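What follows is a short report on a single structure.
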Amino acid sequence: MRRRQTMTRPPMMRPPRSQPSAVPLRYGMNPHQRPAAATPLDAAHPPLRVLHGEPSYINLLDALGAWQLVREAAGALGRPAAASFKHVSPAGAATAGPIDAVMAETYGVDGAALSGVASAYVRARDTDPKSSYGDFVAVSEPVDEALAQLLRRVVCDGIVAPGYAPGTMATLSAKKGGGFLVLEADPAFRPPAEQVREEYGYRFVAPRDDIELGPAHLADPVCGTLPGPARDDLLLGLITVRYTQSNSVAYVRDGMTLGVGAGQQSRVDCVRLAGAKAGTWWLRRHPAVRAVPVEATARVQDRVGERIRYLDGDLPGVAPLAAAERGDWLARLDGVSLASDGALPFRDNVDHARRHGVRYIAEPGGAARSGDVVAACREHGMTLCHTGVRLFRH
C-alpha cells in the first residue's frame, strides 16, 4: 500500500530559519561539474539537514540511500542498524549484536562494553573493510560517545543519523581537518508517492517503491524450513539489496552482511563476488591470518590491509596460507543466508552459493528455469523462499 501520511517533525528536528532551501554542493557527480546544488521538495521540512561540512553530489546520494536502509532495517528487525556506503551501494550493513575477537582487535574496541549503535557500525564496516575505506556512515539511532570515538579513528567521509548526543558534534566536526560531513535525518519525513528522475532529455515518472518488506514475504518456503534467526537474516539481506545497485545479492549471517555483490550484469557474477567477500571475511578469522604480525600502533586500515595482503599472497617474507588449509577453513563456514534483488535464473547460482556456506535463500522466483533452482536447493538441503518481489535499483 502506498503511504501518503504527512507527519510533523518534533521541534528539536526543525532546521533553523537561516537554513537555505537549496543545499550547495561542493561539485556534481565529478569535480568538474560545478556549480551544483540539491533542492528539497519541501524547503520547510527537508529529509536531511547539514550540521557540519559541505556535501558533494555523491555524499548526498550515499546519505539518502544509507539512511533509508538503516531506518527500514531497524524498523523491521527492532534493533539499531548501521550501514557503510560507498558509491551509492552498501559495502556492509548490520544490526546491533556481538563483536567477535577479530572485530574487537581490528577496531580496538571492547565488544562487551560497546553500545548497540556502535556495535552495529563495527559489524557493518567489518563486512568488507577494504571497500569501507572512506565510507559514508548511516545509523538508525542518535550517535553516542562510543560511536563518535570509533569514527574518530577510522577513515570515513561523513555520517547521517537522527541525532547526536552532547559532545559528539565536537568530536566529529574535528575529523578530516574540519571537513567531516555531519548530517541529521528527520525520522518523521515521508517521501512523495511519486518518484521523478531526469536523464538525457527524458523525465521518468513512476510510483515510489514503497512495499513494506517483512516476515510475510518469507512465510511459505518453497522447500526446507526457515528458523527465526535465518528469517531475520534474509530480511536484512532483502533490505540491503533494495538499496544496492542492481544486479545485487547479499550474504548475511547473525544479523550482519558478510558480502555484498553490486552492479553486475550477470546474476551469478553477483553471487560469486559477494561469495568471495564472504570468504575473505571468514578467512580473516583463521588462526594463521590472525597471527600475521601487525604493529600495536598500526591504524585500523593498516591492520586490515596487512591481513588481506597475506590472504592474497602479497606479503613479502611471509609464506601464504596453504591451499588445502584455506579450503578446509572455508568449508567450515555455514548457516549463511543469501538474498537476491532479482530472480535466480539458473541453478549455478545455488551451486556456487552453497560453496560459501549458504543454507537459506530468498529471491523473487518466477524465472523460466525456477524448477531447476528449486531442485538444486533440495539437492543441497537448502531452504528457498520466493518473495514475489523484485527489488531493482538503478
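The values are calculated or read from the model by the stated rules, or taken from the named source; none is laboratory data. Note that the structure is predicted; figures quoted are calculated from it, not measured. Positions of Cβ are generated from backbone atoms using ideal geometry, with glycine treated the same way; all protein chains shown enter the neighbour counts. In case anyone asks, the SASA skips ligands and DNA or RNA and just uses the protein heavy atoms, side chains included. Shrake-Rupley method; radii C 1.70, N 1.55, O 1.52, S 1.80 Å.
With a 1.4 Å probe and all protein chains left in place, how much of the accessible area of segment 46-127 comes from carbon and sulfur atoms, in whole percent? Write down the numbers at each step before the final one.
Working: 1430 of 2440 Å².
Looking at segment 46-127 in its full context, I get 58 percent from C and S.
Please state the relative contact order of the chain as a whole percent: Cα pairs under 8 Å, 6+ residues apart? Numbers along the way, then the final one.
Numbers: 831 pairs, mean separation 58.6, N = 394.
Reported relative contact order: 15 percent.
Relative contact order for segment 47-120 using alpha-carbon pairs under 8 Å, separation at least 6, rounded to a whole percent? Let's see the in-between values first.
Working: 77 pairs, mean separation 17.9, N = 74.
Relative contact order here is 24 percent.
From the phi of every residue in segment 253-264, what ³J(HN,Hα) in whole Hz does the Karplus formula 6.51 cos²θ - 1.76 cosθ + 1.60 yield, where θ is phi - 60° and glycine or proline is x?
8, 6, x, 8, 6, 9, x, 10, x, 10, x, 9
Could you tell me which of 282, 44, 174 has its Cα farthest along the dipole of the chain towards the positive end, charges placed at Cβ (Lys, Arg +1; Asp, Glu -1), taken about the Cα centre?
Positive-most Cα among the choices belongs to 44.
Amide H to amide H under 5 Å from residue 138: which residues, 5+ apart in sequence or cross-chain, H placed 1.01 Å off N in plane?
83, 85, 160
Once phi is turned into θ = phi - 60°, what whole-Hz ³J(HN,Hα) does the Karplus curve with 6.51, -1.76 and 1.60 give for every residue of segment 27-44, x standing for Gly and Pro?
Rounded to whole hertz, the list is 6, x, 4, 10, x, 7, 9, 9, x, 8, 7, 10, 10, x, 5, 10, 4, 6.
So, for segment 53-178, what is the accessible surface per residue at a probe of 1.4 Å, expressed in square angstrom? If you can, show how the numbers build up before the last one.
Details: 4010 Å² over 126 residues.
Result: 32 Å² per residue.
Calculate the length of the line joining the C-alpha centroid of segment 275-301 to that of segment 330-394, in whole Å.
28
³J(HN,Hα) across segment 103-110 via Karplus (A = 6.51, B = -1.76, C = 1.60, θ = phi - 60°), whole Hz, x for Gly/Pro?
Whole-Hz 3J(HN,Hα) from phi for segment 103-110: 5, 4, 6, 4, 9, x, 10, 9.
When a/c reaches 1.5 or more, the comparison of a/b and b/c decides; with that in mind, is the chain rounded, prolate or oblate per its Cα gyration tensor?
It comes out oblate by the Cα gyration axes.
With a 1.4 Å probe and every protein chain left in place, work out the accessible area per residue of segment 231-302 in Å², rounded to a whole number.
Numbers: 2490 Å² over 72 residues.
Each residue of segment 231-302 exposes 35 Å² on average to a 1.4 Å probe.
Skipping prolines and chain starts, which residues have an amide H placed within reach, meaning under 5 Å, of the one on residue 259, given they are 5 or more residues away or on another chain?
Residues meeting the amide H criterion: 251.
In percent, what relative contact order does segment 246-294 have, based on Cα pairs under 8 Å that are 6 or more apart in sequence?
30
Using 0.36 nm times the number of residues separating residue 196 and residue 332, minus their current alpha carbon distance, what extension gain do you get? Intermediate results must be reported in sequence, preceding the final value.
Working: separation 136, 0.36 × 136 = 48.96 nm, distance 4.67 nm.
Gain on stretching residue 196 to residue 332: 44.3 nm.
Tell me, what % of the accessible area of segment 295-393 is carbon and sulfur with a 1.4 angstrom probe? Walk me through the numbers before you get to the answer.
Working: 2300 of 4810 Å².
Of all accessible area on segment 295-393, carbon and sulfur atoms account for 48 percent.
Subtracting the Cα-Cα distance from 0.36 nm times the residue separation, let me have the gained length for residue 209 to residue 322 in nm, one decimal.
Numbers: separation 113, 0.36 × 113 = 40.68 nm, distance 4.71 nm.
So the extension gain works out to 36.0 nm.
Note down the accessible area of residue 341, probe 1.4 Å, to the nearest 10 Å².
That residue has around 0 Å² of solvent-accessible surface.
Let me know the shape class of segment 85-191, please: from the alpha-carbon gyration tensor, a ≥ b ≥ c as square roots of the eigenvalues, rounded when a/c is under 1.5, otherwise prolate if a/b is greater than b/c, or oblate. Display every interim value, and only then the final one.
On the way: a/c = 1.31, a/b = 1.26, b/c = 1.04.
The shape class here is rounded.
Compute the distance from the alpha-carbon center of segment 36-99 to that of segment 309-327, in whole Å.
Taking the Cα centre of each part, segment 36-99 and segment 309-327 sit 37 Å apart.
Which value, in Å² rounded to 10, gives the accessible area of residue 325 with a 1.4 Å probe and all protein chains present?
Residue 325 has an accessible surface of roughly 90 Å² with all protein chains in place.
Hey, if we sort 51, 41 by accessible area with the 1.4 Å probe, largest down, what's the order? Walk me through the numbers before you get to the answer.
Working: 51 60, 41 160 Å².
These residues rank, largest area first, as 41, 51.
Peptides 158-168, 207-217: what's the order by average Cβ count within 10 Å, highest mean first? The partial results should precede the final answer.
On the way: 158-168: 20.5, 207-217: 13.5.
Highest mean packing first, the order is 158-168, 207-217.
Contour minus end-to-end for residue 30 and residue 309, with contour as 0.36 nm per residue of separation and end-to-end as the Cα-Cα distance?
Working: separation 279, 0.36 × 279 = 100.44 nm, distance 3.06 nm.
Here the answer is 97.4 nm.
Once the whole set of protein chains is in place, how much accessible area is left on residue 131, using a 1.4 Å probe, in Å² to the nearest 10?
Approximately 40 Å² for this residue.
Would you calculate the volume per residue, in Å³, of the smallest convex hull containing every Cα atom of segment 284-330?
On the way: hull volume 3.4 nm³, N = 47.
Measuring per residue, one finds 72 Å³ for the Cα hull of segment 284-330.
Principal axis lengths of segment 278-356 from Cα atoms, whole Å, largest first?
Principal-axis extents of the Cα atoms in segment 278-356, largest first: 47, 27, 21 Å.
For residue 25, enumerate residues with amide H under 5 Å from its amide H, sequence gap 5+ or separate chain, H modeled in the peptide plane.
Long-range HN contacts for residue 25: 36, 37, 38.
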